[in-house]
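The values are calculated or read from the model by the stated rules, or taken from the named source; none is laboratory data. Note that this is a predicted model, so its numbers are computed, not measured. Backbone-built Cβ (ideal geometry, glycine too); neighbour counts: all protein chains shown. Ligands, DNA and RNA are stripped out before the accessible areas are found, and what is left, the full protein with its side chains, is counted by its heavy atoms. Shrake-Rupley method; radii C 1.70, N 1.55, O 1.52, S 1.80 Å.
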Amino acid sequence: MKIIQIPLLRDNYGYLLVCEKTQQAAIVDPSEAEPVLRRIEQEAVMPIAILNTHHHRDHTGGNEGLLARHRLKVYGHKSDQARIFGMTHGVDEGDEIQLGELKGKVFFIPGHTTGHVAYLFDNNLFCGDTLFTAGCGRIFEGTPEQMHGSLKKLMALADDVKVYCGHEYTESNLRFAMTVEPKNPQLVARFERVQGLRARGMSTVPATLAEEKQTNPFLRWDSSEIQASVKSAKPDTLLNPVAIFGAVRKMKDAF
Ligand SMILES: [Zn+2]
Ligand SMILES: [Zn+2]
């Protein structure tokens, strides 16, 4: 399997996922069509599907332009038929997707929106705006309980799973993380490494799930340092995972 990362708009990432045996390809979250169409041509692959993680325009804006040029299946959560342009295949938790000889699995992960899904091909996770490298998406349509449940679901995957998220947000996410868990040595090391990469204009995506578990403040409700930071910023917060997660999310919203 080949994964090609395509920078789109200001800080979005779309992905071209290619079955190297058949040259069939799927486009994950095309924010816009033109750069994706150019890449399809350069790589000489045969696009057969769009995989949308959720309905936001910066993840679906290219659907129309791609469909004008190619015959494509369009996947998204089954509840988003009316919100995703050209959707042909509504999917849900546990569904399988065939791409040439590759098989993908669907996870339903609401919270950022009510119809958010992730796609897992081997150990490559395309999770849109739910789990970010060193962060998580804002809770626009769902509840903290839902978002926490969705992140927990993703955390249960293998440590070597690679997180391909929808935006290049790692550096600013880590800047926030450093305010709530500054004594975490793995976090400090990651922040330095990521700053170095960004200074050279390089991508910091993907990261492994292991790295996320060690340094992402939205997955670290068990960390005593994070709990202490939450308690000092929001003294009324209960000490349970959902409440800690929700408080960290609120602190980031105001950061
Ligand atoms: Zn979004
Ligand atoms: Zn987005």
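Here r is the Cβ-Cβ distance between E34 and I3 and R0 is 30 Å; the resulting FRET efficiency, rounded to 0.05, is 0.90. For the chain, the 222 nm mean residue ellipticity estimated from helices alone, with every DSSP H stretch of n ≥ 4 adding -39500 (n - 2.57) and the total spread over all residues, rounds to -10000 deg cm²/dmol.
Remark: the A82-L238 segment gains 52.3 nm on full extension, using 0.36 nm per residue and subtracting the alpha carbon distance.
With a simple spin-label model that places each label point 7 Å from the Cα along the Cα-to-Cβ direction, the separation between S224 and S203 comes to 4.0 nm. Projecting the Cα positions of N124, V242, T60 onto the charge dipole of the chain (unit charges on Cβ atoms of Lys, Arg, Asp and Glu, taken about the Cα centre) puts V242 furthest along the positive direction.
Among the protein heavy atoms of the chain, carbon and sulfur supply 50% of the accessible surface, probe 1.4 Å, non-protein parts ignored. For segment 7-68, the C-alpha radius of gyration divided by 2.2 N^0.38 Å, with N the number of residues, is 1.03. A crude spin-label estimate for the pair K103 and R193, with each label 7 Å from Cα along the Cβ direction, gives 3.2 nm. Distance from the Cα centroid of segment 138-152 to that of segment 198-255 is 14 Å (rounded to whole angstrom). Indicate, rounded to the nearest 5 percent, the antiparallel portion of the DSSP beta bridges found entirely in the chain. Of the beta bridges lying entirely in the chain, close to 65 percent run antiparallel.
Taking R193, R175, R138 as the candidate residues, the one with maximal mean-square fluctuation in a Gaussian network model of the chain, Cα springs under 10 Å, is R193. Normalising the average separation of contacting C-alpha pairs (under 8 angstrom, six or more residues apart) by the number of residues puts the relative contact order of the chain at 13 percent. Subtracting the Cα-Cα distance of L67 and D160 from 0.36 nm times their residue separation leaves 30.1 nm of extension gain. Among rounded, prolate and oblate, which fits segment 64-136 when a ≥ b ≥ c are the square roots of the eigenvalues of its C-alpha gyration tensor, a/c under 1.5 means rounded, and a/b larger than b/c means prolate? Note, shape of segment 64-136 comes out oblate. Quick one: grab the alpha carbon gyration tensor of segment 4-117, order the square roots of its eigenvalues as a ≥ b ≥ c, and give me rounded if a/c is under 1.5, else prolate or oblate depending on whether a/b is larger than b/c. Since a/c reaches 1.5 but b/c is at least a/b, the shape of segment 4-117 is classed as oblate. Could you check how many percent of all C-alpha pairs in segment 136-195 are farther apart than 17 Å? Pairs farther apart than 17 Å: 56 percent.
Taken along its three principal axes, the alpha carbon spread of the chain comes to 55, 39, 30 Å, from the longest extent down to the shortest. Under the rule a/c < 1.5 gives rounded, and otherwise a/b versus b/c splits prolate from oblate, where does segment 111-242 land using the Cα gyration tensor? Verdict is oblate for segment 111-242. On a per residue basis, segment 97-255 carries 41 Å² of accessible surface, using protein heavy atoms and a 1.4 Å probe.
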